[in-house]
Amino acid sequence: MSALLELDAIEAGYGKSRVLHGVTLSVAAGETVALLGRNGAGKTTTMRCIMGLLPPTAGRIAFDGRDLRGMPSHAVARLGLSLVPEHRGVFAALTVEENLRLAVRRGSAWTFDSAMTMFPALAARRRTPGGKLSGGEQQMLAIARALMPGPRLLLLDEPTEGLAPVIVERLVVLLKELKAHGLPMLLVEQSLEVCRAVADRHVMIDEGHIVWAGDTAALGAATDVVRRHLTLE
Ligand code: ATP
């Protein structure tokens with residue numbers, strides 16, 4: 001069976017600086033994959049390549065068998081990929097409800113009301129501007145917004161960054177719930193704990209190279225790899 005998302009030997013960078021050196025990874029239907037690595041390893045750059053925000057200079061990206069190369073990001077989104085960006089990107093001046101209603105797409109199984117059921121904390125804040133929410137609430141709103149178009153693959157860029165442990169726990173519960181609904185996810189993370197709680201497979205990136213990949217049991221045993229490529233000095 002071929003994977004839902006496939007990256008094959010992706011190279012990319014900014015101007016003359018090359019950041020990704022042959023990134024190969026895949027996400028199968030129903031699977032959650034974590035992309036782990038230190039700051040600056042190339043995780044966000046990988047996400048930007050997938051979403052059509054940065055054109056790779058070499059390699060192949062396919063979603064459901066379709067070549068994504070050269071596709072603008074709105075076309076990538078229309079195919080069913082949705083990104084929760086690193087800094088959440090909620091509209092600060094718009095209310096929770098306005099943020100969500102803007103993201104609704106015809107034909108999606110998600111409606112404003114179903115989002116309110118899934119995210120009760122947001123329901124209580126529906127008339128609050130995005131900019132007045134706490135960090136955790138903003139992250140929930142960013143995820144809810146990414147879900148509204150009814151994605152077939154959800155990309156999350158460091159969703160737990162800067163959040164208090166109790167909020168991270170709540171987020172983990174939510175991600176597990178989405179996973180139980182069968183939504184495939186590619187999750188960029190620096191927290192091993194979050195990766196182990198949510199993902200089926202883990203791919204480690206260091207200086208733009210994929211240095212390790214394995215399932216959760218293998219990650220638990222790979223203490224040397226973690227020390228070398230992940231633990232911050
Ligand atoms: P972080 O956790 O810090 O977001 P990351 O693994 O997501 O790390 P990237 O954001 O992909 O890393 O960055 C990889 C490298 O590319 C870094 O060296 C970074 O400085 C560089 N870089 C990222 N964005 C740009 C840009 N717009 N222009 C130039 N260089 C960039």
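The values are calculated or read from the model by the stated rules, or taken from the named source; none is laboratory data. What you are looking at is a predicted structure, and each value in this text was computed from that prediction instead of being measured. Glycine also receives a Cβ, built like all others from the backbone with ideal geometry; neighbour counts cover every protein chain displayed. Accessible surface areas use protein heavy atoms only, side chains included; no ligands, DNA or RNA. Shrake-Rupley method; radii C 1.70, N 1.55, O 1.52, S 1.80 Å.
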Suppose we filter region 45-91 for residues that are part of a helix (DSSP H, G or I), open to solvent by less than 60 Å² (accessible area, probe 1.4 Å) and more than 16 Å from the ligand (Cβ to nearest atom); how many remain? 4
Only listed residue being charged (D, E, K, R) and without any contact (Cβ under 8 Å) to a residue 40 or more places away in the chain, chosen from ARG127, ARG145: ARG127
Hey, ALA9 hits all of (1) over 13 Å from GLY208 (Cβ atoms); (2) of a type in the set (Gly, Ala, Ser); (3) modelled with pLDDT of 95 or more; (4) surrounded by fewer than 22 Cβ atoms within 10 Å (Cβ to Cβ) but one; which does it fall short on? (1)
So which of THR32, THR24, THR57 ends up being within 19 Å of VAL84 (Cα to Cα) and of a type outside the set (Gly, Ala, Ser)? THR32
Extreme residue, farthest from the ligand (Cβ to nearest atom), among residues of region 31-44 that are small (Gly, Ala, Ser) and either under 11 Å from VAL188 (Cβ atoms) or open to solvent by less than 50 Å² (accessible area, probe 1.4 Å) (or both): ALA34
Filter region 14-30 down to residues that are open to solvent by less than 30 Å² (accessible area, probe 1.4 Å) and away from the ligand (no atom under 11 Å from the Cβ), then give me how many there are. 4
Does ARG196 satisfy the condition of being in contact (Cβ under 8 Å) with a residue 60 or more places away in the chain, more than 16 Å from the ligand (Cβ to nearest atom), surrounded by fewer than 17 Cβ atoms within 10 Å (Cβ to Cβ) and under 22 Å from LYS43 (Cα atoms)? no
Among the residues in region 180-189, are any surrounded by fewer than 16 Cβ atoms within 10 Å (Cβ to Cβ), in contact (Cβ under 8 Å) with a residue 60 or more places away in the chain and either away from the ligand (no atom under 16 Å from the Cβ) or within 21 Å of HIS21 (Cβ to Cβ) (or both)? yes
Give the residues of region 118-148 that are touching a Lys or Arg at 6+ places or on another chain (Cβ under 9 Å), within 27 Å of GLY30 (Cα to Cα) and surrounded by fewer than 20 Cβ atoms within 10 Å (Cβ to Cβ), sorted by residue number. ALA121, GLY136
So PHE119 ticks every box in (1) under 30 Å from GLY42 (Cα atoms); (2) touching a helix residue (DSSP H, G or I) at 6+ places or on another chain (Cβ under 7 Å) but one. Which box is left unticked? (1)
